[in-house]
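Please read the structure below before turning to the comments.
The values are calculated or read from the model by the stated rules, or taken from the named source; none is laboratory data. Everything numeric in this text was worked out from a predicted model, so none of it was measured. Because the Cβ atoms are built from the backbone with ideal geometry, glycine has one as well, and the counts that use them run over all protein chains shown.
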Amino acid sequence: MHHFKDRKDAGEHLAHNLSSYANQKETIILAIPRGGVVIANEVAKALKLPLDIIIPRKIGAPLNPELAIGAVCEEETFFNQDLIEDLGVDTLFLDQELKKAKIEAKRRKSLYRANFPSLNLKNKIIILIDDGIATGATIFTAIKYLKQQSIKRLVVATAVSSLDIAKELEQSVDEFISLLTPHNLTAIGLYYEHFEQVTDEEVISIMKMYASAKLPDTLLS
């Protein structure tokens with residue numbers, strides 16, 4: 001079942017598929033923490049591109065927090081209304097979980113980016129990377145947010161995505177790349193030999209490398 005040794009290995013494979021973007025000016029890689037940052041780091045190194053993060057947060061279902069019924073990214077929100085109705089989720093629960101998700105996203109952004117200057121996304125080519133896409137809630141919320149930022153082109157790249165979500169993403173962005181698109185994606189970790197939880201410290205360490213890089217003024221807000 002395993003197709004990748006670990007996230008680093010998946011990132012190296014993904015970089016090969018994104019090689020046409022190598023050294024392209026006005027191109028920024030955005031990673032979704034935590035796992036997406038490890039993969040994106042390999043891509044950014046190989047393609048010699050700047051790396052930043054974007055932090056959509058999943059809103060989990062009652063009694064099953066791993067099942068995404070929605071997500072939030074900055075001020076953009078996404079809710080799976082069909083799933084919410086099927087599960088009978090009430091408005092009070094959604095409001096509470098939305099507030100928690102926003103607070104956690106803000107905490108992570110402050111922790112991971114520290115004094116890293118915000119990058120200017122306007123008229124840029126954005127490559128959005130995660131280590132896998134299951135329900136699609138977080139990635140679609142990030143896409144919704146990015147489309148409000150007057151970007152030039154949006155590429156979504158991942159190691160593994162369910163076939164149904166892949167078809168939706170192909171229609172939603174300028175380019176979608178997934179190394180694997182299984183029919184029945186039950187768990188992203190099944191496609192990795194090693195899929196340990198990525199720590200905050202690992203993300204901070206990677207981001208520090210990019211925070212110290214000299215960037216063109218056109219990339220800075």
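A compact table of results
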item	result
Answer residue from region 24-83, given it is among the basic types (K, R) and at pLDDT 90 or above and is surrounded by the fewest Cβ atoms within 10 Å (Cβ to Cβ) among those	K48
Index of the failed condition, K144 passing every other in (1) outside any strand (DSSP E or B); (2) exposed (fewer than 14 other Cβ atoms within 10 Å of the Cβ); (3) under 17 Å from the mean Cα position of the chain (by Cα); (4) among the charged types (D, E, K, R)	(2)
Those residues of region 3-20 which are modelled with pLDDT of 95 or more and either assigned to a strand (DSSP E or B) or more than 18 Å from the chain's Cα centre (by Cα) (or both), in sequence order	F4, K5, H16, S19, S20
Count - residues of region 41-75 that are part of a strand (DSSP E or B) and either closer than 24 Å to A114 by Cβ or touching a strand residue (DSSP E or B) at 6+ places or on another chain (Cβ under 9 Å) (or both)	17
Pair list, Cβ under 9 Å, 6 or more apart: region 194-205 residue free of Cβ contacts under 8 Å to residues at least 12 places away in the same chain, other residue assigned to a loop (DSSP other than H, G, I, E, B) and loosely packed, with under 12 Cβ neighbours inside 10 Å	none
Residue list for region 21-40, filter: of a type outside the set (G, A, S) and not in a helix (DSSP H, G or I)	N23, Q24, K25, E26, T27, I28, I29, L30, I32, P33, R34
Total residues in region 21-68, condition within 13 Å of the chain's Cα centre (by Cα) and either closer than 26 Å to I84 by Cβ or of a type outside the set (A, V, I, L, M) (or both)	12
Within region 164-194, considering residues that are assigned to a loop (DSSP other than H, G, I, E, B), at pLDDT below 95 and among the hydrophobic types (A, V, I, L, M, F, W, C), the one surrounded by the fewest Cβ atoms within 10 Å (Cβ to Cβ)	A187
Residue tally, condition at positive phi and either under 17 Å from the mean Cα position of the chain (by Cα) or modelled with pLDDT under 90 (or both), over region 105-127	1
